[in-house]
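This report refers to the structure that appears directly beneath it.
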Amino acid sequence: METIKLYNGVEIPANGYGVYQVSKDDCKDSVLLALKAGYRHIDTAQSYFNESEVGDALKECSIPRDEIFLTTKVWIDNYGEGKTYDSVITSLNKLKTDYLDLILLHQPVNDYYSAYRDLERLYEEGKVRAIGVSNFYADRLVDLCMFTKIKPMVDQIEVNVFNQQVEAKEWADRYDVVIEAWAPFAEGKNDMFHNQTLLKIANKHKRSIAQVILRWLYQRGIVSLAKSVHEERIKENFDIYSFSLDDEDMKLITSLDNKTSSFFSHQDPSIIEWFGKLIIERRGR
Ligand SMILES: NC(=O)c1ccc[n+]([C@@H]2O[C@H](COP(=O)([O-])OP(=O)(O)OC[C@H]3O[C@@H](n4cnc5c(N)ncnc54)[C@H](OP(=O)(O)O)[C@@H]3O)[C@@H](O)[C@H]2O)c1
């Protein structure tokens, strides 16, 4: 299993399995399929509402806990001193484990400094092996690197061939922060699975477009998190270590970058407003 080392020495399997938008009904079986295919890195979040099912899969599989790298993320409604800490303990209970390999703050909104200090406390107490953030653009990431006791070890952001995050990666490298790519296929948006440039490279290597994308991320030193609920695709997405892309392939993929999110920008005020309204709406339920 190929891994990428964090600045504290912890190693992350470079190819992870994500369970965003995997329903409660499908989640346990999907995680078991991923583990069977060889995945040893599972990425969930409090806001995915499937931590318990991930925990069920971890209990049911016969793989020792210390061979699986497990990440969850703190949702913004749980930001606040003490509140973040307690929410992570709840996550541990749902996940049926006594430690996490990585805990992330999910979004750069609300009182993320207080939340981050709780992550530092969890790290110092040995309840988590690594701490970090998600969706922090370079300015917010550098802010945390400058003004916290323990720098983030990871920043999980959208990275795909149409939004390659070259500048964000340069800033992260400067502070030894490992980038994880969420939605490496942009959930298939912009017809990614039929892109002619990617298809040409895939045909050249007798691989699929999905494999080319995940291999490209690996060769850039970026951890990928792909989601599928289909066994054949799960196997395909894990099988990226038996070929490599050459300089010409890498250059062709570089040319696809339009530096635009397929989703939204965390620097858009209306998105921050949307997050705020979402908290109020969920509290009302
Ligand atoms: N931190 C964040 O804010 C954030 C945001 C989004 C995602 N994430 C993380 O990143 C993970 C992946 O992102 P994502 O789930 O949004 O999107 P994604 O992995 O880019 O795309 C998933 C989509 O691609 C399809 N697919 C997967 N493998 C395929 C293949 N080999 N061939 C054809 N289609 C394939 C899946 O369909 P089927 O399932 O039907 O196969 C699904 O529709 C998440 O699960 C989560 O862990 C984090």
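None of the figures in this text is laboratory data; all of them are computed from the coordinates on show. Quick caveat: nothing in here was measured; it's all calculated off a predicted structure. Glycine also receives a Cβ, built like all others from the backbone with ideal geometry; neighbour counts cover every protein chain displayed.
Structure notes:
- Ranking of TRP182, TRP171 by count of other Cβ atoms within 10 Å, fewest first: TRP171, TRP182
- Among the listed pairs LYS73/LYS151; LYS151/LYS235; LYS73/LYS204; LYS59/LYS169; LYS149/LYS189; LYS127/LYS151, those beyond 28 Å (Cα-Cα): LYS151/LYS235; LYS73/LYS204; LYS59/LYS169; LYS149/LYS189
- Sorted by Cβ density within 10 Å, fewest first, the residues SER261, SER91, SER62, SER270: SER62, SER270, SER261, SER91
- Each 10 Å bin from 0 upward holds the following percent of the Cα-Cα pairs of region 207-249: 28, 58, 13, 1.
- Over all orientations, region 184-285 has a Cα convex hull whose mean projected area works out to 8.7 square nanometres.
- As computed over region 3-284, the Cα convex hull volume per residue (Å³): 128 Å³
- Reachable aspartates and glutamates, given that their alpha-carbon falls under 20 Å from the alpha-carbon of LYS259 and they are not under 8 places away in the same chain: ASP139, ASP155, GLU158, GLU167, GLU170, ASP173, GLU180, GLU187, ASP191, ASP249, ASP268
- Cβ crowding within 10 Å ranks HIS205, HIS230, HIS106 as HIS230, HIS205, HIS106, fewest other Cβ atoms first.
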